[in-house]
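Values quoted throughout were computed directly from the atomic coordinates according to the rules given, and no laboratory measurement underlies them. All values derive from a computational prediction rather than experimental measurement. Cβ placement follows ideal geometry from the backbone for every residue including glycine, while neighbour counts extend to all protein chains displayed.
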Amino acid sequence: MTEIAHGTVIVQSGEAVLPRWWRTVDRMTIFCVLTLFAIGILLGFAASTPLAERNGLDPFHYVIRQAAFGAMGLSAMIFVSMLGPVTIRRLGVLGFFGATLALAMLPAFGTDFGQGAVRWYSLGFASVQPAEFLKPVFVIFTAWMVAASQEIAGPPGKSVSLFAMVVIVGFLVMQPDFGQAALIIFAWSVIYFVAGAPMTILFGLVGLVALGGVFAYNNSEHVARRIDGFLSAEIDPNTQIAYAADAIRNGGVFGAGLGEGTVRWTLPDAHTDFIIAVAAEEYGVVLVFLIIALFATITLRSFFRLMRERDPFIRLAGTGLASLLALQAFINLGVAARILPAKGMTLPFVSYGGSSVIATGVAVGMLLAFTRLRPQGEIGDILLSRHR
């Protein structure tokens, strides 16, 4: 017997790894990721040149570094997407404990690079931000715990994952890094909601987050300044938000043209947090809508493919990863468009940043592995196996 048909895919015995991977993986998602990265490199030629000149470096120094980081991130994505869900779960859980330990040791061994928040380890030739790598493995750990709690006589996985989330958020707030903390809370909430959590618990969590926001506003001058600036009817013309708003407005529909933008000379974070302002000014809202469409395609295709998945862990982990990617993109775009308070957060695959590109590559690799077509078996067999 050479072929066995189960569910939505035909399994061929003896088939090589690469052909099987190419036949079962979501190729459209891979195309969208490659397009986003290509757009990031294109924007990097304009956005990072002023910074390189200010630092006395080669004009394309940061573009070359981003290309190198991207090669590592995309390679990691392809490699991880070839792994099986069980292997990803095991490596993800180990990575979760390692990344949590690295996050906890930041106050002692980390650096802030003059930005007032200790978020990085300096390696001399590069820097590493543990929070970027923690996000995808936290999703894996949480999905594993929540899925295990649904088994008969399973562990109290929901309580364990909640405790882990609180600890991690505490470490992030100490840096402080409220943006990454919000992503962690969101990822946990999505997984918990998809698993069938009572709405009262989620509403309670929203209330606690709101109280935390009030506390941060009253006790952090940095947070208060950003929120006040967001709520103010007038924008300070010397802020990054004002520069970004002017760039988006000046770009119009089709943009000022390649190399004709000026915001890259005034925005210090034009190559990272505000890369979308460069895109809007030089290429117009046409490119902005294309970027939004690419992220929407990745997210929606992942959700549709996960709807057919019967394994609780795969369904929960995949949903968490897809939601995390979408929210990070939304926050980056929302800050630039002034529909959210200013918060330093990169645009996945587009913004400059080694930790961001590599960690996002790993996360999307996990997502691709979870959304691959695979034998699902009969639903009756799965239900019976749970009651044995």
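Which whole-Hz couplings ³J(HN,Hα) result when phi for each residue of segment 189-202 is put into the Karplus expression 6.51 cos²θ - 1.76 cosθ + 1.60, θ = phi - 60°, listed in order with x for Gly and Pro?
For segment 189-202, the Karplus curve yields 5, 4, 4, 5, 5, 5, 6, x, 6, x, 5, 4, 5, 5 Hz.
Restricting the calculation to Cα positions, tell me the Rg (one decimal) and the Dmax (whole number) of segment 87-153 in Å.
According to the Cα coordinates of segment 87-153, Rg and Dmax are 14.9, 51 Å.
To the nearest 10 degrees, how steep is helix 354-370 against the longest Cα principal axis of the chain, on a 0 to 90 scale?
Approximately 30 degrees, to the nearest 10.
Using helices alone, what [θ] at 222 nm do you get for the chain, with -39,500 (n - 2.57) per DSSP H run of 4 or more residues, divided over all residues and rounded to the nearest 500?
After summing the helix terms and dividing by residue count, I get -22500 deg cm²/dmol.
For the chain, give the magnitude of the charge dipole about the Cα centre (Cβ charges: +1 Lys/Arg, -1 Asp/Glu; no others), in debye to the nearest 20.
I would put it at about 1080 debye.
Could you grab the relative contact order for segment 23-68? Cα pairs under 8 Å, six or more apart, rounded to a whole percent.
Reported as a whole number, the value is 29 percent.
Please list, short to long, the whole-number percent of alpha-carbon pairs of segment 45-104 in consecutive 5 angstrom bins beginning at zero.
Whole-percent P(r) values from 0 Å outward: 4, 16, 13, 12, 14, 12, 12, 11, 5, 1.
Could you give the C-alpha radius of gyration of segment 143-216 expressed as a fraction of 2.2 N^0.38 Å, taking N as the number of residues it contains?
Against the empirical 2.2 N^0.38 Å value, I get 1.15 for segment 143-216.
Dividing the convex hull volume of the Cα atoms of segment 259-388 by its residue count, what figure in Å³ per residue is obtained?
Convex hull of Cα atoms, per residue: 126 Å³.
May I ask for the angle, rounded to the nearest 10°, between helix 312-336 and the longest principal axis of the chain, with both axes built from Cα atoms and the value confined to 0 to 90°?
Around 10 degrees separate the two axes.
Nearest 10 degrees, 0 to 90: what angle lies between the long axis of helix 221-231 and the longest principal axis of the chain (Cα atoms)?
90
Label-point separation (nm) for Phe109 and Ser75, each offset 7 Å from Cα along Cα-to-Cβ?
Placing both labels 7 Å beyond Cα along the Cβ direction yields 2.4 nm.
Hey, what did the chain get for relative contact order, percent, Cα under 8 Å, at least 6 apart?
28
Residue by residue through segment 273-290, what is 3J(HN,Hα) from phi via Karplus (6.51 cos²θ - 1.76 cosθ + 1.60, θ = phi - 60°)? Round to whole Hz and write x for glycine and proline.
Result, ordered by residue: 5, 10, 4, 5, 5, 5, 4, 5, 6, 8, 10, x, 5, 4, 5, 4, 5, 5 Hz.
Counting only residues 5 or more places away or on other chains, whose amide H sits under 5 Å from the amide H of Val350 once H atoms are built in the peptide plane?
Correct list: empty.
Which three extents, in angstrom, do the Cα atoms of segment 35-75 have along their principal axes, listed largest first?
That works out to 31, 16, 9 Å along the principal axes.
Using 0.36 nm per residue of separation minus the Cα-Cα distance, give me the extension gain between Val86 and Met174 in nm, one decimal.
The span from Val86 to Met174 would gain 28.3 nm if fully extended.
Let me know the volume per residue of the alpha-carbon convex hull for the chain, in Å³.
Per residue, the Cα convex hull of the chain comes to 152 Å³.
How large is the convex hull of the C-alpha atoms of segment 279-329 per residue, in Å³?
51
Which value in Å does the Kirkwood hydrodynamic radius of segment 59-209 take, with 1/r averaged over all unlike C-alpha pairs and then inverted?
Hydrodynamic radius (Kirkwood, Cα only) of segment 59-209 equals 17.1 Å.
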